[in-house]
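The values are calculated or read from the model by the stated rules, or taken from the named source; none is laboratory data. This is a predicted model, so every value here is computed, not measured. Positions of Cβ are backbone-derived with ideal geometry, glycine not excepted, and every protein chain shown enters the neighbour counts. To get the accessible areas, we keep the full protein, side chains included, count just its heavy atoms, and leave off ligands, DNA and RNA. Shrake-Rupley method; radii C 1.70, N 1.55, O 1.52, S 1.80 Å.
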Amino acid sequence: MKKIDRIDGFSLGRKPLSRRERENLRRERWQKQKEEGYQLLAELCRLGEYDAARNLANKNPSWGYEIVDGEVMEKE
């Protein structure tokens with residue numbers, strides 16, 4: 001760890017992310033949200049909470065899932 005008098009307050013911390021790096025991070029976050037959404041919907045269906053799962057899927061259309069006959073299906 002640096003001593004406080006050795007820290008330059010005007011220097012930039014880390015270098016800015018490139019366009020490609022930002023896009024990759026965005027894509028990874030979206031994929032993670034989609035997977036977590038699927039797990040949550042599947043758990044609700046497993047518990048028999050089909051209406052709750054359907055409502056949650058409708059509130060989160062970016063996940064790309066719908067509930068059909070008590071099962072999580074990917075929207076086409």
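Worth pointing out:
- Between ASN24 and ASP51, the contour length at 0.36 nm per residue exceeds the alpha carbon distance by 6.3 nm.
- Spatially near lysine pairs across the chain, Cα under 27 Å, sequence gap of 8 or more or different chains: 8
- Loop-exposed trypsin sites (Lys or Arg not before Pro) per DSSP, neighbour cap 10 Cβ within 10 angstrom, longest uninterrupted part of the chain: 15-74
- Normalising the average separation of contacting C-alpha pairs (under 8 angstrom, six or more residues apart) by the number of residues puts the relative contact order of the chain at 21 percent.
- In the range 1-62, chymotrypsin sites (Phe, Trp or Tyr not before Pro) in a DSSP loop with at most 14 other beta-carbon atoms within 10 Å: PHE10
- Between the entries (i) 0.94; (ii) 1.35; (iii) 1.01, the label attached to Rg/Rh (Cα atoms, Kirkwood Rh) calculated for this structure is (ii).
- For the pair GLU74 and LEU17, a Förster radius of 25 Å applied to the C-beta separation gives a FRET efficiency near 0.25, rounded to the nearest 0.05.
- Average accessible area per residue (Å²) across the chain - probe 1.4 Å, nucleic acids and ligands excluded: 92
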